[in-house]
Amino acid sequence: MYKNINKNFLIVALIFVISIIVLNIYGCNKSDSKVVAEVENEKITQDELNKELNNRYGMEVLQDLITEKLILLEAKKKNINVSDQEINQELEKVALNMGGMDKLKEQLKNRGVSFDDYKQKLKMDLLLRKLIISELSEDEIKVFYENNKQGLPLVEVSFIMVPDKNLADSIVKSLKNGGDFTKLAETYSQDPISKDTKGYVGYLARYDISRNSPTFKTLEDAIFKNPQKGKIVGPIEVDYNKQKLYYIVKYHNVLSTYEEVKPKIQELLAQQKVQEYIQKLRKNANIKIHYGQEEKK
């Protein structure tokens, strides 16, 4: 049940990305005959693009804007705020899961989203999370903990995986001599989960690995045998598809007690309740939509 905990609210934050793209294109050029493309000398103008964007995404973007407004109003009513420090911390988490800040910025650029706009969307994401968490009861959190404590501890880890024992031993030796784990992972790791994130995997609960890939139970058993923050273990030998793989694991954090795990449970429960909470806000609000009425006349 803890296996989705690394996602946090990244998906929720990306809900609004299409809104940013459309507003950036449409809002800045309400009437513009500038040519944006040519096909066999036939021109496509900015006006044509705007009209098509409006037809395809207008209502979707409007609904996102309504959701944002509802979140802001509810946060104001409950005196819930998000600091710049919290936004920056969330950015670091997102970047870590995407292979670094440069990769995050590159993905945003490829989607036509400015970094500042994305930070604003993360702020909305954090406000939404805080609002939902503010309504979680202690009993609800404890019930989740009791039902899932067999998966504890939670371990935050990074992996380096190579198919060669000598190379694995060489990497371990380098780490013992002060080598940088992230740089070594970036250079050598062939682990499909973490090779693009400089080795970072995130939080794992016991049975997360073997539940999805029983072949890797050997790896899971080694990871959860004696986890300690800051410790590096390996190489751990895994037989997979008639070949041997060698894993080196670094522990960033280990969460065992209820109080240690509680913030993660709150995040996970909040993640599960996003749509339910937004629907509740909309149901209790006075919303009037005038969009599209002129076209119908």
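A quick yes/no check of all residues on (1) of a type outside the set (G, A, S); (2) within 16 Å of T67 (Cβ to Cβ):
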| residue | (1), (2) |
| --- | --- |
| R111 | yes, no |
| F115 | yes, no |
| Y118 | yes, no |
| K130 | yes, yes |
| S134 | no, no |
| I141 | yes, no |
Of the numbered conditions (1) surrounded by fewer than 18 Cβ atoms within 10 Å (Cβ to Cβ); (2) in contact (Cβ under 8 Å) with a residue 60 or more places away in the chain; (3) over 30 Å from L167 (Cβ atoms), I278 satisfies every one except a single condition; which is it? (1)
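Take the residues in region 101-117 that are part of a helix (DSSP H, G or I) and among the polar types (S, T, N, Q), then tell me which one is nearest to S83 (Cα to Cα).
Going residue by residue through region 101-117, those that are part of a helix (DSSP H, G or I) are 101-110, 115-117.
With among the polar types (S, T, N, Q) added as a condition, the list becomes 107, 110.
Values: Q107: 25, N110: 28 Å.
By that ranking, first place goes to Q107.
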From the list L175, L219, exactly one residue is assigned to a helix (DSSP H, G or I), touching a strand residue (DSSP E or B) at 6+ places or on another chain (Cβ under 6 Å), in contact (Cβ under 8 Å) with a residue 24 or more places away in the chain and surrounded by 20 or more Cβ atoms within 10 Å (Cβ to Cβ). Which is it? L219
Has region 181-194 got at least one residue that is more than 25 Å from M98 (Cβ to Cβ) and not assigned by TED's automatic domain parsing to the domain that holds E106? no
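Which of the helices (runs of 4 or more DSSP H) found entirely inside region 222-297 contain at least 3 residues meeting this: over 21 Å from S194 (Cβ atoms) and over 27 Å from the mean Cα position of the chain (by Cα)? Outline the logic, then answer.
Values: elements: 258-272, 274-283, 293-296.
Ranges flagged: 293-296.
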Is it the case that region 229-243 has a residue that's modelled with pLDDT under 90, among the polar types (S, T, N, Q) and under 22 Å from V162 (Cβ atoms)? yes
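Go over the candidates I209, I289 one by one and state the one that is among the β-branched types (V, I, T) and not assigned by TED's automatic domain parsing to the domain that holds Q63. Steps first, please.
Numbers: I289 fails: not assigned by TED's automatic domain parsing to the domain that holds Q63.
That would be I209, the only listed residue that is among the β-branched types (V, I, T) and not assigned by TED's automatic domain parsing to the domain that holds Q63.
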When residues of region 86-105 are filtered for being exposed (fewer than 14 other Cβ atoms within 10 Å of the Cβ) and either aromatic (F, W, Y) or closer than 17 Å to Y200 by Cβ (or both), how many remain? 3
Quick one: which residue in E74, E92 is assigned by TED's automatic domain parsing to the domain that holds Y291 and over 30 Å from T197 (Cβ atoms)? E74
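Of the residues Q85, Q120, only one is assigned to a helix (DSSP H, G or I), in the same structural domain as I278 (by TED's automatic domain parsing) and at pLDDT below 90; which? I'd like the intermediate steps shown before the answer.
Working: Q85 fails: at pLDDT below 90.
Result of the check over Q85, Q120: Q120.
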Single residue of region 39-64 satisfying the filter (in a helix (DSSP H, G or I) and in contact with a strand residue (DSSP E or B) (Cβ under 6 Å, 6 or more places away or on another chain)) that is nearest to Q275 (Cα to Cα): L49
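In contact with a helix residue (DSSP H, G or I) (Cβ under 9 Å, 6 or more places away or on another chain), in a helix (DSSP H, G or I) and closer than 28 Å to Q266 by Cβ: is that true of L128 in this structure?
Working: in contact with a helix residue (DSSP H, G or I) (Cβ under 9 Å, 6 or more places away or on another chain): yes; in a helix (DSSP H, G or I): yes; closer than 28 Å to Q266 by Cβ: yes.
Considered against the rule, which asks whether it is in contact with a helix residue (DSSP H, G or I) (Cβ under 9 Å, 6 or more places away or on another chain), in a helix (DSSP H, G or I) and closer than 28 Å to Q266 by Cβ, L128 comes out as yes.
Yes/no per residue for (1) in contact with an Asp or Glu (Cβ under 7 Å, 6 or more places away or on another chain); (2) more than 27 Å from K149 (Cβ to Cβ):
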site	(1), (2)
P235	yes, yes
N241	no, yes
L245	no, yes
K250	no, no
I289	no, yes
Hey, does region 256-274 have a residue that's of a type in the set (S, T, N, Q), under 30 Å from E138 (Cα atoms) and without any contact (Cβ under 8 Å) to a residue 12 or more places away in the chain? yes
Can you say whether V155 is touching a Phe, Trp or Tyr at 6+ places or on another chain (Cβ under 7 Å), buried (at least 17 other Cβ atoms within 10 Å of the Cβ) and either among the aliphatic types (A, V, I, L, M) or not assigned by TED's automatic domain parsing to the domain that holds K244 (or both), as far as the supplied structure shows? yes
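The values are calculated or read from the model by the stated rules, or taken from the named source; none is laboratory data. Computed from a prediction, not measured in an experiment: that's the story for all the values here. Because the Cβ atoms are built from the backbone with ideal geometry, glycine has one as well, and the counts that use them run over all protein chains shown.
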